[in-house]
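Chemist: Before I ask anything, let me first share the structure, which is written out below as C-alpha cells.
The numbers here are math on the coordinates, done by the rules we state, and not lab data. The model shown is predicted, which means the values in this text are computed figures rather than measured ones. Quick reminder, even Gly has a Cβ in these numbers, built from the backbone with ideal geometry, and neighbours come from all protein chains shown.
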Amino acid sequence: MKKLLSYIWPTTRRFYSEINGTLEVTYVNGKKVLDTENANYSYGSLQKILEFGLTKVDLKSVENLLLLGMGGGSIIHSLRNTFEYSNNIVALEIDPEIIKLAKEEFGIITSEKLQIIEGDAFQFLKTSKEKFQLIIIDLFIDLTVPPVFYEKEFCENIANALQNEGSFLFNVGINLEKNSKTLETLTSHFGKGFDLQILQKVNGTNTLIIGQKLVQ
C-alpha cells in the first residue's frame, strides 16, 4: 500500500547525522531515495550521473573496485543489477548514519564480495596498500566536495592505488565548468600519467573526470 500511495503522495522520513545534517528517505513513484536538505545522495539523479560515467569504463577488466563515498549504496545496486558486475567491491563511507540507512532502508550489507568500511577516504587512500582496477570517487557533503579531495596529495594517492591501465571515475562537482581554474588545477594534479576525459553538465549539472592510468 505504501508503494502505491507514493505515486500519489510522496512520504518522507528524516534522520539526523552529525556529518551531513538532515538526511531524508523519501518514498516517491514507487521507490525510495536518499537526500540531504539540498542534494540527492542516492537512488535519484546522482545514480543516473554515475551510471552514465560507468558506460565509459570497461568493467570487464575490473576484479577489485574501490568506491569512495558509498552513500545509500545506489551505485552498488547499479553495478550489480544494471552492469552485472559480480566481482569485489570495497565501499568507504565516513557517515555511520548513512551506513545504517543503507542497510536498513536499501538492503546494502557486507557480503563475501562487498566490504563496507566506515572511515575517511583521504586517510584510507593514504595508508592502503591494496590495488584496484577501478576507483569511483563520489565524495560530497551536501552540495560540496571537501577541498582536500581537490588537492595534489589525494590525486597522487588515487594514482598509487590504481594498477597500471586501471581507471578512476571522479564526480568532481556541480556546475564546475563555471570554475575552470579549479578544474584545470585538478586535472593537472594527475599529470602525464593518465589519459583523461572530462564530461561536463552530466544530467545537466555535474562534471565527471574519467582517467585511465598509463603503463609506467
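Chemist: What residue among Gly73, Gly30, Gly166 shows peak mean-square fluctuation when the chain is described by a Gaussian network model with Cα springs under 10 Å?
Modeler: Judging by the Gaussian network model, the answer is Gly30.
Chemist: Starting with the fewest neighbours, write out Thr26, Thr185, Thr12 ranked by other beta-carbon atoms found within 10 Å of each beta-carbon.
Modeler: Ranking Thr26, Thr185, Thr12 by Cβ neighbours within 10 Å, fewest first, gives Thr12, Thr185, Thr26.
Chemist: What is the calculated FRET efficiency for Tyr16 to Thr110, with r their C-beta to C-beta distance and R₀ = 30 Å, to the nearest 0.05?
Modeler: 0.80
Chemist: Order the peptides 55-66, 95-106 from the highest to the lowest mean number of other Cβ atoms within 10 Å of their residues.
Modeler: Listed from highest to lowest mean packing, they are 95-106, 55-66.
Chemist: Which residues in the range 181-216 have a backbone N closer than 14 Å to a point placed 7 Å from the Cα of Lys48 along the Cα-to-Cβ line?
Modeler: 201-206, by backbone N distance to the label point.
Chemist: What are the extents of the Cα atoms of the range 49-202 along their three principal axes, listed from largest to smallest and rounded to whole Å?
Modeler: Computed over the Cα atoms, the extents are 41, 32, 31 Å.
Chemist: Quick query: amide H of Thr22 versus all other amide H atoms, modeled in the peptide plane; which residues come in under 5 Å with a sequence gap of 5 or more or a different chain?
Modeler: Ser17, Glu37
Chemist: With each run of n ≥ 4 DSSP H residues scored as -39500 (n - 2.57), what mean residue ellipticity at 222 nm is computed for the chain after dividing by its residue count and rounding to the nearest 500 deg cm²/dmol?
Modeler: My calculation for the chain gives -7000 deg cm²/dmol from helical runs alone.
Chemist: Among Arg14, Arg80, what is the fewest-to-most ranking by other Cβ atoms within 10 Å?
Modeler: Arg14, Arg80
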